[in-house]
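> First the structure, then my questions, so here it is.
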Amino acid sequence: MTLETGTTAPEFTLVNQDGHSVSLADHAGKNVIVYFYPAASTPGCTVQACDFRDNINSLKALGYVVLGVSPDKQSKLKTFQEKQSLNFDLLSDEDSQVQKTYGAYGAKQMYGKEYMGTIRSTFVVDPAGKISHAFYKVKTAGHVAFLKEQLGL
């Protein structure tokens, strides 16, 4: 299952790096970038997170909130946030239920072996709570520049 532009974004509440509950509804009326990544502190995920970190002020100035979601435990997210000086919420989806709801979980391949895991994906939720953009199997390097281009920013 994949989400299409114009569909209502599935609601969620997850724990962030500090142990606080964060819901999509907390950001109602705002543009929200929700990105799913496989694992904190791995090379590709670090590149992607640092890209958001380095661009967060320009995204905020344009009215966007960024939420990163992975299957990592809250404690691992806290370590990742501190080590990389990340300045946005990282959310723990340990049972991958939110990833599955967004279609960001499925079959993957590495070194010729197939397994189930997080599909690196990014969604933009508009102020009305609808999916304005859905990107599956995104690249880590230059991801924010790609998003800005797609969003006309």
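Any read-out appearing in this document is the output of simple, stated calculations on the displayed coordinates, not a laboratory observation. In this text the structure is predicted, and so the values were computed from the model without any measurement. Cβ placement follows ideal geometry from the backbone for every residue including glycine, while neighbour counts extend to all protein chains displayed.
> List every residue pair whose Cβ atoms lie under 6 Å apart, where the two residues are 6 or more positions apart in sequence or sit on different chains, the first residue falls within region 100-127 and is more than 21 Å from Gly6 (Cα to Cα), and the second residue, located anywhere, is of a type in the set (Asp, Glu) and surrounded by fewer than 16 Cβ atoms within 10 Å (Cβ to Cβ).
Here the result reads Ala107/Glu114, each pair linking region 100-127 to a residue that is of a type in the set (Asp, Glu) and surrounded by fewer than 16 Cβ atoms within 10 Å (Cβ to Cβ).
> Among the residues in region 120-140, are any farther than 17 Å from Tyr64 by Cα, surrounded by fewer than 17 Cβ atoms within 10 Å (Cβ to Cβ) and either of a type in the set (D, E, K, R) or in contact with a Cys (Cβ under 7 Å, 6 or more places away or on another chain) (or both)?
yes
> Tell me the residue from Asp54, Asp89 that is under 21 Å from Ser21 (Cβ atoms) and of a type in the set (Asp, Glu), please.
Asp89
> Take region 41-63 and flag every residue that is in contact with a helix residue (DSSP H, G or I) (Cβ under 9 Å, 6 or more places away or on another chain), within 13 Å of Asn87 (Cα to Cα) and either of a type in the set (Phe, Trp, Tyr) or exposed (fewer than 14 other Cβ atoms within 10 Å of the Cβ) (or both).
If the condition is that a residue be in contact with a helix residue (DSSP H, G or I) (Cβ under 9 Å, 6 or more places away or on another chain), within 13 Å of Asn87 (Cα to Cα) and either of a type in the set (Phe, Trp, Tyr) or exposed (fewer than 14 other Cβ atoms within 10 Å of the Cβ) (or both), then Phe52, Asp54, Ser58 are the ones that fit.
> Restricted to region 74-113, and to residues that are of a type in the set (Ser, Thr, Tyr) and over 18 Å from Phe52 (Cα atoms), which residue is surrounded by the most Cβ atoms within 10 Å (Cβ to Cβ)?
Top of the filtered list is Tyr102.
> Check every one of the helices (runs of 4 or more DSSP H) wholly within region 1-106 and list those with 2 or more residues that are of a type in the set (S, T, N, Q) and farther than 16 Å from Thr118 by Cα.
Hits in region 1-106: 43-61, 74-84.
> Further, regarding this structure: Evaluate the following for Ala28: is it among the hydrophobic types (A, V, I, L, M, F, W, C), under 18 Å from Asp126 (Cβ atoms) and in contact (Cβ under 8 Å) with a residue 24 or more places away in the chain?
Taking the combined requirement at face value, the residue satisfies it.
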